[in-house]
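Visitor: A single structure is presented below for examination.
Bear in mind these aren't lab numbers, they're just calculated from the coordinates by the rules spelled out. As the structure is a prediction and not an experimental result, all values here were calculated from the model. Backbone-built Cβ (ideal geometry, glycine too); neighbour counts: all protein chains shown.
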Amino acid sequence: METPITTKNIVNKPRRVIRTAFVIALVFIAGAIMIGYSNIDGMKGGFAIIAFCIFFALTALVTAMVFISRARAFDELLIKMKPLVRWTYDQEEWDAFIKEDLKERLVVNKSTLKYVSGIALVVMLFLLLIYRDIFFLWLIAGLILLLTIVAFTAPVLQSAALKKGRHEAIIGETAAYVGGSFQTWTGLGAHLTAVDIFTEGEIPILHIVFEFPTLQGFQQEIIRIPVPVRMAKQANELVGLLQLRIDH
């Protein structure tokens, strides 16, 4: 299923993040050195500024380290020009995908919002019973409002990005490039959990589901990729190939 492609105008965004992170780290390291050699009294803010610079420098370096594996995965998928499949879409297919993607994201976010809001309300009631302070009511209400805004705004922003993105999908064994967005399901403990094609909407949608570890446990992520009707057979073959990675 190898499909040679042209990578003209496709930017390795993870590699761009790495370069930016290293520049930021160097700026903050230079800032810390300059403060150390300046006449600023350490007890009057000098040490705090140095600590601030070191913190952000380390944060930038960690970010760069994380994105190195993503940049390599990007090269594996695009620069070597041997993905499993490459699909392109006409405007009608792409618009149908954007519509279905927005619908799915809103459903997932609404479900997550209900779950988190329920937990937040229980915590709020517990705190009210213990401390009898209305401050916690406003705190939880503000938190739920913020989560609600994010839950409904993020999918809309994603749809806007897809509208501006390339009308194509490039899929490999460990990564995918969809509408200008790159995602990989390897590295940092991530692993595939499911691959399937959903046909209930206006256009079939390939779901590549993977999990990755966080401080709160494993978090699930879904990559949605539209399947052109003319590529239904190839899509089923792709599901079989990716399924082998789960089984082994």
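Visitor: Given the Cα-Cα distance of Leu143 and Glu200 and 0.36 nm per residue of separation, how much length would full extension add, in nm?
Guide: Length gained between Leu143 and Glu200: 17.1 nm.
Visitor: Packing-wise, with mean Cβ within 10 Å as the measure, how do 89-95, 101-107 rank, highest first?
Guide: In descending order of packing, they fall as 101-107, 89-95.
Visitor: Ok, one more. For the chain, what is the calculated [θ] at 222 nm in deg cm²/dmol (nearest 500), taking -39500 (n - 2.57) for each run of four or more DSSP H residues and dividing by its residue count?
Guide: Values: 5 runs with 141 residues, N = 248.
The helix contribution divided over the chain gives -20500 deg cm²/dmol.
Visitor: Give the peptides 143-153, 66-76 in descending order of average Cβ contacts within 10 Å, highest first.
Guide: Top to bottom by mean Cβ count within 10 Å: 66-76, 143-153.
Visitor: Here's something else I'd like to know. Sequence gap of 8 or more, or different chains, plus Cα separation below 20 Å: how many lysine pairs satisfy both in the chain?
Guide: Close lysine pairs under the 20 Å cut-off: 15.
Visitor: Return the long-range amide H neighbours of Asn12 (sequence gap of 5 or more, or a different chain), with a cut-off of under 5 Å between placed amide H atoms.
Guide: Those qualifying (amide H under 5 Å, at least 5 residues apart or on another chain) number zero.
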